[in-house]
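Have a look at the structure below before the remarks.
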Amino acid sequence: KKLGWAVVGLGKFATQQIMPSFAECKQSKLVALVSGDRAKAEKYAQQYGINPKNIYNYQNYDSIRNNPEVDVIYIILPNALHAEYSIRGAQAGKHIMCEKPMAVTIEECQAMINAAKKANRKLMIAYRAQYEPYNLAAIELARSGQLGKIKAIVSDHGRNLDPKDPADTWRMQKKLAGGGSLYDIGIYSLQATRYITGEEPIEISAITHSTPNDPRFREIEENVNFTLRFPSGILANCSSSYGYSDTKRIQVFGSDATLELDPATDYYKHRLTIKRKNGIEERNIQEKNQFALEIDHLSESIINNKQPKTPGEEGLQDVRLMQLIYQASRTGKTIKI
Ligand code: NAD
């Protein structure tokens, strides 16, 4: 049986990555759309064979409760709208997948978790890298001791924000984005340090810089560098930028070997190398559609009544840590957690 999914927000990521990926899902099918633009929704409904009666707008969204074809709602809106639409969706009796970052504030994240709990529905955050085969291989290599004892992690995520791209205009607005490069892509560096180590940081320091007079950074930050200490002694150095060109990499330094994933968090192409004393090994792993894998993971969690691997609590933890990263940079003080 395939569960029925509704996508909320027909923007760049939803239409270019998520909607096409349902074709590769085994336990999930796209059955409904929620959009403020009826003509756009009708166009996609026709393309994906969705019954036009299953098109909703932001006003009649709550009536989705009366649609038994919809089991799960996938929120792919600007960050500041995640909480409201996740909560309304849970209150409509549907399971929720929500894009990263989970929400803008800790309070919003908590309210989302509470709403899902109250409605007895699952809530998962779409941390695709935790379902992607190259990242899973890196986690296995690091945690099984094959690199020796892990000493340090470096992870960098950056891109050059494009004010002409409609998907980037809301990202320049604090009210809609919640934060700058850290909230949008630095979160991948932060996630990487947590899923590679399997630990939670106990100390944070950070510095930020935004190019003066660059109109893109009037409200949100350009660059954030942050350092984390983990309980086992692992130190992580991360950077996040809206100013440098496409970078998505993770390096793990062990006492015996260094692992490099570059690109680490791309959509369809990854590269994993392991450097040892006696040379460099390139690992070739079967690429899979990580979007289909994460979508099916939530459907399977619902069918088997299991907690998804990346539940709301995982999203909340990142929002909490990102707020501490901002606090550390504001105060210039190392924060002990
Ligand atoms: P986008 O601007 O292309 O899409 C957002 C959609 O929301 C648009 O269709 C827009 O019309 C709609 N919308 C509804 N109400 C709006 C409002 N009040 N203001 C602005 N837009 C409104 O952006 P996107 O790049 O598709 O990002 C959407 C979400 O997906 C974000 O949370 C982002 O972080 C996330 N995302 C995740 C990944 C990933 O790899 N997991 C990649 C890209 C984006």
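Out of the residues in region 11-23 meeting the condition of being within 20 Å of the chain's Cα centre (by Cα) and open to solvent by 10 Å² or more (accessible area, probe 1.4 Å), tell me which one is farthest from ASN289 (Cα to Cα).
So, considering only residues that are within 20 Å of the chain's Cα centre (by Cα) and open to solvent by 10 Å² or more (accessible area, probe 1.4 Å), the one farthest from ASN289 (Cα to Cα) is GLY11.
I need every pair where a residue in region 166-193 that is within 8 Å of the ligand (Cβ to nearest atom) and open to solvent by less than 20 Å² (accessible area, probe 1.4 Å) has its Cβ under 8 Å from the Cβ of a residue that is aromatic (Phe, Trp, Tyr) and assigned to a loop (DSSP other than H, G, I, E, B), sequence separation at least 6 or different chains.
Every condition considered, the pairs that remain are ASP184/TYR242.
Considering ARG121, ARG216, which residue is out of contact with any Asp or Glu (no Cβ under 7 Å at 6 or more places or on another chain), over 30 Å from VAL252 (Cα atoms) and part of a loop (DSSP other than H, G, I, E, B)?
Values: ARG216 fails: part of a loop (DSSP other than H, G, I, E, B).
Testing whether each residue is out of contact with any Asp or Glu (no Cβ under 7 Å at 6 or more places or on another chain), over 30 Å from VAL252 (Cα atoms) and part of a loop (DSSP other than H, G, I, E, B) leaves just ARG121.
I'd like the residue in region 294-328 that is under 21 Å from LEU228 (Cα atoms) and among the small types (Gly, Ala, Ser) and, out of all such residues, is surrounded by the fewest Cβ atoms within 10 Å (Cβ to Cβ).
ALA328
Within region 199-211, does at least one residue satisfy the condition of being closer than 19 Å to SER245 by Cβ and within 16 Å of the ligand (Cβ to nearest atom)?
Keep residues of region 199-211 that are closer than 19 Å to SER245 by Cβ, which gives 209-211.
Within this subset, residues satisfying the condition of being within 16 Å of the ligand (Cβ to nearest atom) are none.
So far as region 199-211 goes, no, none of its residues is closer than 19 Å to SER245 by Cβ and within 16 Å of the ligand (Cβ to nearest atom).
Determine which member of the set SER210, SER232, SER205 is modelled with pLDDT of 95 or more, farther than 28 Å from LEU136 by Cα and not basic (Lys, Arg). Break it down into steps so the answer makes sense when it comes.
Details: SER232 fails: farther than 28 Å from LEU136 by Cα; SER205 fails: farther than 28 Å from LEU136 by Cα.
So the residue among SER210, SER232, SER205 that is modelled with pLDDT of 95 or more, farther than 28 Å from LEU136 by Cα and not basic (Lys, Arg) is SER210.
Could you check ASN160 against (1) over 17 Å from the mean Cα position of the chain (by Cα); (2) more than 16 Å from the ligand (Cβ to nearest atom) and say which number it fails?
The failed condition is (2).
Which of the residues that make up region 1-29 are closer than 13 Å to ASP296 by Cβ and more than 15 Å from the ligand (Cβ to nearest atom)? Working first, answer last.
The first filter runs over region 1-29 and keeps only residues closer than 13 Å to ASP296 by Cβ, leaving 1-3, 5, 18, 21-29.
Result: LYS1, LYS2, LEU3, TRP5, PHE22, ALA23, GLU24, CYS25, LYS26, GLN27, SER28, LYS29.
Just one of (1) modelled with pLDDT under 95; (2) surrounded by 14 or more Cβ atoms within 10 Å (Cβ to Cβ) trips up ALA41, so point out which.
(1)
State yes or no: is TYR267 within 18 Å of the chain's Cα centre (by Cα) and within 16 Å of TYR134 (Cβ to Cβ)? Even if it seems obvious, please write down each step before you answer.
Details: within 18 Å of the chain's Cα centre (by Cα): yes; within 16 Å of TYR134 (Cβ to Cβ): yes.
Yes; evaluated as a whole, the condition is true for this residue.
Is it true that PHE291 is farther than 18 Å from ILE196 by Cα and buried (at least 21 other Cβ atoms within 10 Å of the Cβ)? Outline the logic, then answer.
Working: farther than 18 Å from ILE196 by Cα: yes; buried (at least 21 other Cβ atoms within 10 Å of the Cβ): yes.
Yes; evaluated as a whole, the condition is true for this residue.
Give the residue, chosen from LEU147, LEU81, LEU141, that is over 21 Å from SER301 (Cα atoms), touching a strand residue (DSSP E or B) at 6+ places or on another chain (Cβ under 8 Å) and within 14 Å of the ligand (Cβ to nearest atom).
Details: LEU147 fails: within 14 Å of the ligand (Cβ to nearest atom); LEU141 fails: within 14 Å of the ligand (Cβ to nearest atom).
Only one candidate qualifies: LEU81.
Among the numbered conditions (1) among the charged types (D, E, K, R); (2) out of contact with any helix residue (DSSP H, G or I) (no Cβ under 8 Å at 6 or more places or on another chain); (3) crowded, with 19+ Cβ neighbours inside 10 Å, tell me where GLU221 comes up short.
Of (1) among the charged types (D, E, K, R); (2) out of contact with any helix residue (DSSP H, G or I) (no Cβ under 8 Å at 6 or more places or on another chain); (3) crowded, with 19+ Cβ neighbours inside 10 Å, only one is false for GLU221: (2).
Could you figure out which of (1) more than 17 Å from the chain's Cα centre (by Cα); (2) part of a helix (DSSP H, G or I); (3) over 30 Å from SER205 (Cα atoms) isn't true of LYS288?
(2)
Please go through region 258-287 and pick out each residue that is surrounded by 20 or more Cβ atoms within 10 Å (Cβ to Cβ) and away from the ligand (no atom under 16 Å from the Cβ). If you could, list the steps in order and put the result at the bottom.
At the first step, the residues of region 258-287 found to be surrounded by 20 or more Cβ atoms within 10 Å (Cβ to Cβ) are 259, 261, 264-265, 270, 272, 274.
Within region 258-287, LEU259, LEU272, ILE274 meet the criteria.
The values are calculated or read from the model by the stated rules, or taken from the named source; none is laboratory data. Predicted, not measured: the structure shown is a model, and the values here were computed from it. Every residue, glycine as well, gets a Cβ built from its backbone with ideal geometry; the counts of neighbours run over all protein chains shown. Just so you know, the surface numbers come from the protein's heavy atoms only, side chains and all, with ligands and any DNA or RNA stripped out. Shrake-Rupley method; radii C 1.70, N 1.55, O 1.52, S 1.80 Å.
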